[in-house]
C-alpha cells in the first residue's frame, strides 16, 4: 500500500468507538501515508466526523489502536496529545472559530498556545497575515467571526488550521452549507494547501464532486488556478483514495476508478449525486 | 444495574473528575490571569445591582417582620440584633449565592454549552489548550474571590435596609439600632457568614461549567444545560446551607 517507502501518518487498527452503547466507529482499519489524500464519504451519522476526531485524539477508542506519525496515541494523556496535535491542522464542521476573539486572534491562537510550535511573539503577526493572505481574507483582521459570512468563516478557519504549517490537515465537511461557487473556492484552497505545502490530507464530505475535484485537479502556482491533473505522470490521482462509510463501518476503500466500478446502491448513490 | 443508575454514577464521576482537575489547575501553568479578571468583573461587578437590591429589601423586610414579633415582648429595640444575626449568618450568604447562581451558573452553562455544541471546546483541545484550565479554573477562582465580597456588601446593605425601616418607618432609635447590630455579632457569625459563600462559590462555578461542558444537541441542549445548572446549583446551596449551619451551631453549643 505504501508508495516508495513513504512514512505512515495515520493508522487505524480495528478501532471501535461508541457513545451511550451506540457504535460510532465499528472495527475501522485504514492507513494513510505521507503526501496522500483520503476522501471520506458517507451519509449523515455514518461516523465520518468521529473518525477525524479519533485521529486527533479528541475521542478515545474503546478498542483498537490509533497511530499518528508512527506513535500510538490511544492511551496518551491529554498533555502528551498536545504535542502531537501541534503537527495536525483541523477544520471543524461549523468552523469553530472562537466567538470572543477577532479573526487575527483566532488565527494567532495555535501559534501562541501550542507549546511545541515555539513561535517567537514577534513572528506571530507576520505569520497570521500570511495565513490570512493565503485564504484571501487580508481585510478581516480586526473583525469578529459573527461579522463574517459562512464562506469567509470557513476560510478563516482554514487559515487557523494551516497557520502552523502542519504536515497533516483534517477537513470536516469543508463545503457543507455553502453555495456551489463558495464551495468551489473552499475546495480550491484545500487543494492549494495540499499541493503547496505537500500535506497529508483527510477530507470528510458528503459531496462526491469535492472528491472528484481533489482527485483530478492540482494547484498551478504560476496561474494561481486549479488545473486538471494529467492522466499519467501526475501523482495526484494515485495519491488520492476514497473511503465510504456506512453505519460506523468502512464499506469501501479504493481509488476513484474502483469506486466508479462498484455496483452497490449505497456507494453508487454518492457517485450519482456528484454527476460522475 | 438499571440504565439511569449507571448514568447517575457516571455523571457523579465526571463531576468529581472536573472538580479535581479544576482545583489542580489552580497550581499549574499556564495561568489565564486575564480571564480571571474578566470573570471577576462579570460575576462581581456585574452582580452588584442585583445583590444590592436583594440585600436592601431582605434587610428591610426582616426589620418590618421582626419589629412586629419583638414588640410582643416589648423588645422592639433589639431589631438591630435580630436583623444583623439573620443576615450575616443565613440570609446574606444564601440570598447572594442564589442570585449569583441564577445569574452566573446559568451564564457559565450557556456560554460554555454554546462553545461545546459549536465544537469550540474541541477546537480548543485541538489547538493545545486544556478547556478546564482555560474556562473552568478562571471561573472557579473568580467566583471564590468575589462571592464572599458580594456577601459582605449584601450583609451591610441589608443591615442598612433594616435601619431605614427601623428609623424611618418604625420610629425606633437609629444609633441604638447600629449599636445592637454591631454588638450582636460574634466571630462565629462572621466565619460562617464568609465560609458559606466560599463553599457556594465552588457549587456555582463547578455546576455551571459542568452542565456547560456536558451540553449536547444544539441550541435546545444549551437551553437544557442552562436550566439544569441553575436549578442544581440553587438546590445544592439550600442543602449545604443546612449542613454548614448545623456544623456551626453545634460548635456554639459545645463551646458554651
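Only the coordinates and a few stated rules stand behind these numbers; no lab work does. Keep in mind that what you see is a predicted model, and the values were worked out from it rather than measured. Heads up, the Cβs are rebuilt from the backbone with ideal geometry, glycines too, and the neighbour counts pull from every protein chain shown.
A few remarks follow.
- Here the gap between residue A:220 and residue A:26, fully extended at 0.36 nm per residue and compared with their Cα-Cα distance, gives a gain of 65.9 nm.
- As a rough guide to protection, the peptides A:243-256, A:118-131 ranked by mean Cβ packing within 10 Å, highest first, stand as A:243-256, A:118-131.
- For peptides A:63-74, A:85-96, sequence by mean Cβ density within 10 Å, most packed first: A:85-96, A:63-74
- For chain B, taking Cα atoms only, Rg and Dmax work out to 20.9, 70 Å respectively.
- Inter-chain shielding of A:96-108 (mean C-beta neighbours from other protein chains, 10 Å cut-off): 2
- Whole-Å distance, taken between Cα centres, linking segment B:89-106 and segment B:61-79: 26
- Förster radius 22 Å - calculated FRET efficiency between residue A:247 and residue A:8, Cβ distance, rounded to 0.05: 0.25
- With N counted as the residues of the protein assembly as shown, its alpha-carbon radius of gyration over 2.2 N^0.38 Å works out to 1.24.
- Spacing of the two label points (7 Å from each Cα toward its C-beta) at residue A:105 and residue B:45, in nm: 1.6
- Our summary of shape: the Cα atoms of segment B:66-160 have principal axis extents of 69, 21, 15 Å, ordered from largest down, in whole angstrom.
- Taking 0.36 nm per residue of separation and subtracting the Cα-Cα distance, full extension of the segment from residue B:37 to residue B:191 would add 52.9 nm.
- Residues of segment A:45-89 falling in the label zone of residue B:28, defined by backbone nitrogen less than 12 Å from a point 7 Å along Cα to beta-carbon, are A:77-82.
- Label-to-label distance for residue A:146 and residue A:119 is 2.6 nm, based on points extended 7 Å past Cα in the beta-carbon direction.
- Peptide ranges A:164-177, A:140-153 listed from the most packed, as the mean C-beta count within 10 angstrom indicates: A:164-177, A:140-153
- Alpha carbon Rg of segment A:88-129, scaled by the compact-globule rule 2.2 N^0.38 Å: 1.19
- Along principal axes, Cα extents of segment A:90-166, largest first, whole Å: 32, 23, 22
- In this structure, residue A:16 and residue B:4 have a Cβ-Cβ separation that, at R0 = 35 Å, corresponds to a calculated FRET efficiency of about 0.90.
- Summarised in one figure, the compactness ratio Rg/Rh of chain A, Cα atoms and Kirkwood Rh, is 0.95.
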